[in-house]
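> Quick one: the structure is below, and I'll ask about it shortly.
The values are calculated or read from the model by the stated rules, or taken from the named source; none is laboratory data. On a predicted model such as this, the values are computed, not experimentally measured, just so you know. Using ideal geometry, Cβ is built from the backbone for each residue, glycine included, and neighbour counts are taken over all protein chains shown. In case anyone asks, the SASA skips ligands and DNA or RNA and just uses the protein heavy atoms, side chains included. Shrake-Rupley method; radii C 1.70, N 1.55, O 1.52, S 1.80 Å.
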Amino acid sequence: MSSNKKTRMEALAERLRAGDSRALGRALTVVESGDDDALALTEALAGAFGEAHIVGFTGPPGAGKSTLLDALIHEWRKEGRPVAVLAVDPVSPVSGGAVLGDRTRMGAHSLDDGVFIRSVSARGHLGGLCEAAHDMADMMDAAGWPLILIETVGAGQSETEITQVADLSVVISAPGLGDELQAIKAGILEIGDLLVVNKVDRDDADETAKHLEAMLALRSGAKRDISVLRVSAATGRGVTELKDEIDQLLEATGATVGADRKRKREARKRRLAVLRFASRISAGISEEDFRAMRPEELDRAIERSLALLSTEVED
Amino acid sequence: MMAYPERVLVTKIGFDGHDRGSRVVAAYLRDAGMEVIYTPPWQEIETVVKLAMQEDVDVVGVSSLATDHLIMPDLIAALRDAEMRHVRLIVGGIIPQNEQPELMDAGVSAIFGPGATSEEIVETVRKLAVEARAARETAEVV
């Protein structure tokens, strides 16, 4: 059974690398579910990723993230650049279900083969992303999409996890969502490589932008010289400039992105090793035996797994 | 128990824009723990196939209150051409009795008319999602 499974995932990996979008759709489901198949698929594609630029977009609900993404996709498509999108929406804490509607605002691209959009439910994971976001972005990368945009759940002020996945994080704000105090609070505003004030067609937008600029002036250390861009996704104002700024930042940080990505990849490899060990435990030790293990036995098992883990991270 | 939630595309094809029904059904499915990809009305067949592919859904639910259900055979053919034969299709709304056999013959898995309960719909979608995944698995192994 397991060898059969492995072959199936290897076949899927091949189709994915050949640019079959059905295979990508399927691969995203596989890694999202995080089971044995996910490990087999990630292994089959090891070394196939690391080429794409990943840009994260975060900000409070109603800031206009989806609409702005739609406008940005138009800009990149005008240049003929293919764009893949992971749109993460909240999950119901009651039922575990979700209505994923972000792509509704990107409907204009539904017939464009140069755009691939996947809706993702956060599946109860905090931090603004789904647990498998890393792996899902990797699948898009391995399938040859050169630019991957990730839209996080617009949940609140602490959805900072995007920096672990993205090469560049764009924080989107909008007027009317808070006063001056909001601008100096810790949280998502601190992770932005680029701050955007959307909806500048509104009268109070300039005030919001000024608050953000004042906050940046008070900031010490890194990320002090970042720009606050004024855009309106609705009218299109400033969207081209935002796209240019993102392109430039990606270009400028090209070298450091490589090193940074390497670091993130090592961390992920470690996580993969832990997962692999966890699946070995679940395969090899029954729930009953596990409960019956004496503390010293458990300690030995953990020691062995750590030793195993460090050798596997090396390769 | 499914390894991950059922993924269902809820959509409307054609010219009719009355989307209350599809919204209500989307909410039923969400409350039953499913992941619903919801689209506005006026979709084209090509778009629906592409969405089903990118979102890797198990079931496509089409709402039809006018004559849009008559496009279902074309949608089924398009899904087949795209090698998405495993995806199950359900139709809800106003479907005249005498036209239902034609849809079922074309490969529609279930039709829900006025008075269908949320329990019926949820139960059917659950069952069809299991079928769809099994069919996909078989197709992958071959």
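> Please arrange B:Phe112, B:Phe15, A:Phe116 by accessible surface area, largest first, computed with a 1.4 Å probe and ligands excluded.
The most accessible residue leads, giving B:Phe15, B:Phe112, A:Phe116.
> Taking 28 Å as the cut-off for C-alpha to C-alpha distance, list the pairs among A:Lys78/B:Lys50; A:Lys210/A:Lys243; A:Lys199/B:Lys50; A:Lys65/B:Lys127 that go past it.
A:Lys199/B:Lys50; A:Lys65/B:Lys127
> What does the charge add up to near B:Val24, with Lys and Arg as +1, Asp and Glu as -1, over the other residues with Cβ less than 15 Å from its Cβ?
It works out to a net charge of 0.
> Please compute the length gained on full extension between B:His18 and B:Thr67, using 0.36 nm multiplied by the number of residues separating them and subtracting their Cα-Cα distance.
Result for the pair: 16.4 nm of gain on full extension.
> Oh, and also: Kindly identify residues of the stretch B:45-63 having a loss of at least 30 Å² in accessible area between the isolated chain and the assembly of all protein chains, probe radius 1.4 Å.
B:Thr47, B:Lys50, B:Leu51, B:Met53, B:Gln54, B:Glu55, B:Asp56
> A further question follows. Please compute the per residue accessible area over chain B with all protein chains in place, 1.4 Å probe, rounded to a whole number of Å².
About 46 Å² of surface per residue is accessible.
> Please give the per residue accessible area of the stretch A:1-48, computed with a probe of 1.4 Å over protein heavy atoms only, in Å².
Normalised by residue count, the accessible surface of the stretch A:1-48 is 43 Å².
> Indicate the residues belonging to the stretch A:100-114 that lose 10 Å² or more of solvent-accessible heavy-atom surface (probe 1.4 Å) upon moving from the chain alone to the assembly of all protein chains, ignoring ligands and nucleic acids.
Buried by 10 Å² or more upon assembly, which counts only protein chains, are A:Leu100, A:Arg103, A:Thr104, A:Ser110, A:Leu111, A:Asp113.
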